[in-house]
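This report concerns only the one structure given below.
Just so it is clear, none of the values below were taken in a lab; they were calculated from the coordinates. Everything quoted here is computed from the prediction, not taken from an experiment. Glycine gets a Cβ as well: all are built from the backbone with ideal geometry, and neighbour counts include every protein chain shown.
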Amino acid sequence: MNSRIKLVLLFLLTLFVLWGIRRLQAPEVERKERGDTQSVNSSGASTGSNPEREPNALKSPSGLTWREDGKKVGMGGKSNVQMPGKRVSSNPTERSIAAFFRAQGPGQWRVRMDDKGKVMRILGGEVASIGNSREQMGRFIQKLVPELGIPPEQVASLPVQDETRQFLIFDSQQTYKGYPVYQAWLRVLANKHSGAGFLFNNNLKSIESEIQLAVEMTLIEAQESLLEQLRPYGHIEIYSSQGPVVWADGSPHQLAYVFHLNLPRDTVRIVLSARTGDILSQQSTRFH
């Protein structure tokens, strides 16, 4: 009986050791991203995962942007460069994206996709020297975005640059016919010493082919309309606003204004149609 128990314990110990070895071999960059990028972006929320509460996530892309604390941030980058001859992939796949990156630099490239098949993250290798300047990074991004199914003229050719103690961070804002697309950008992390790009986060959005760019109310008029609609809530404080921007998180895509406000019992983000004044989205941004 004792020998059987010893064999079982030995078997379990072996499994534990193998599990530990596997953990040690996991990519270091994924752990760094969870730690260091949140230290850059943190105002409290995830992203890691929810840029709604991250000042730097909202600050870094160029365009009409704002911070959670209500401070406005100026324009960044240059005007988009038209590249009419560049092929845009109509169906980016894990295999096609991995093949593109294998041609750019060494490594075990891995592509993370969401449940709808959209490419969200590429990591596992290095593209040498692209982080040595904003211009070099911009040229690489202009090569990359067609592979992601986005026309290059929609993405800023000169990204905004930020940094942590270890990483360089490059963000290129997406625009559509001169309007920034709400929370849509490509982020690249590069080694601060070598300039090698090693992590590519894709938050670019496919824009519907026919989108109404009608603006029937100013930002002030939209704010007044919103306050009237929310009058039953009691005291309301709007602490930041943005727009018009392209709202591409619901159909139909359209121009909209985005408001962050304090309600008596919650903090919310509300998206208001710039054409009709209807509320397109309302989401709590408070930790629960």
Simple SL model, points at 7 angstrom along Cα→Cβ for Thr218 and Lys143; separation in nm is 4.7 nm
Percent antiparallel among DSSP beta bridges confined to segment 190-288, nearest 5, equals 95 percent
Expressed in angstrom and rounded, the centroid-to-centroid distance over alpha carbons for segment 119-191 and segment 228-288 is 28 Å
Those GluC sites (Glu not before Pro) from segment 137-228 that are DSSP loop and have at most 11 other Cβ neighbours within 10 Å turn out to be Glu210
Residue by residue through segment 163-176, the couplings from Karplus 6.51 cos²θ - 1.76 cosθ + 1.60 with θ = phi - 60°, in Hz, x for Gly and Pro, are 7, 10, 5, 10, 10, 9, 10, 10, 10, 10, 6, 8, 10, 9
Projected onto the charge dipole of segment 154-214 (unit charges on the beta-carbon of Lys, Arg, Asp and Glu, signs +1, +1, -1, -1), the Cα from Gln154, Gln212, Trp185 with the largest positive-side position is that of Trp185
If amide H atoms are modeled at 1.01 Å from N in the peptide plane, then the residues at a separation of 5 or more from Ser129, or on another chain, having amide H under 5 Å from its own are Ala196, Gly197
Note: probe point = Cα of Asn191 + 7 Å toward Cβ; backbone nitrogen < 14 Å; residues of segment 127-155 passing the test are 127-132
Label model pair Arg110, Asp162: point-to-point distance (7 angstrom along the Cα→beta-carbon line) in nm is 2.5 nm
With +1 at each Lys and Arg Cβ and -1 at each Asp and Glu Cβ, the charge dipole magnitude of segment 96-232 around its Cα centre, to the nearest 20 debye, comes out at 780 debye
Within segment 257-274, the residues whose backbone N lies under 18 Å from a label point placed 7 Å from the Cα of Arg286 along the Cα-to-Cβ direction are 259-271
Given backbone amide H placed at 1.01 Å from N, residues whose amide H is under 5 Å from that of Glu163, ignoring those fewer than 5 places away on the same chain, are Ile169
Taking only Cα atoms of segment 135-288, the Rg to Rh ratio with Kirkwood Rh works out at 1.05
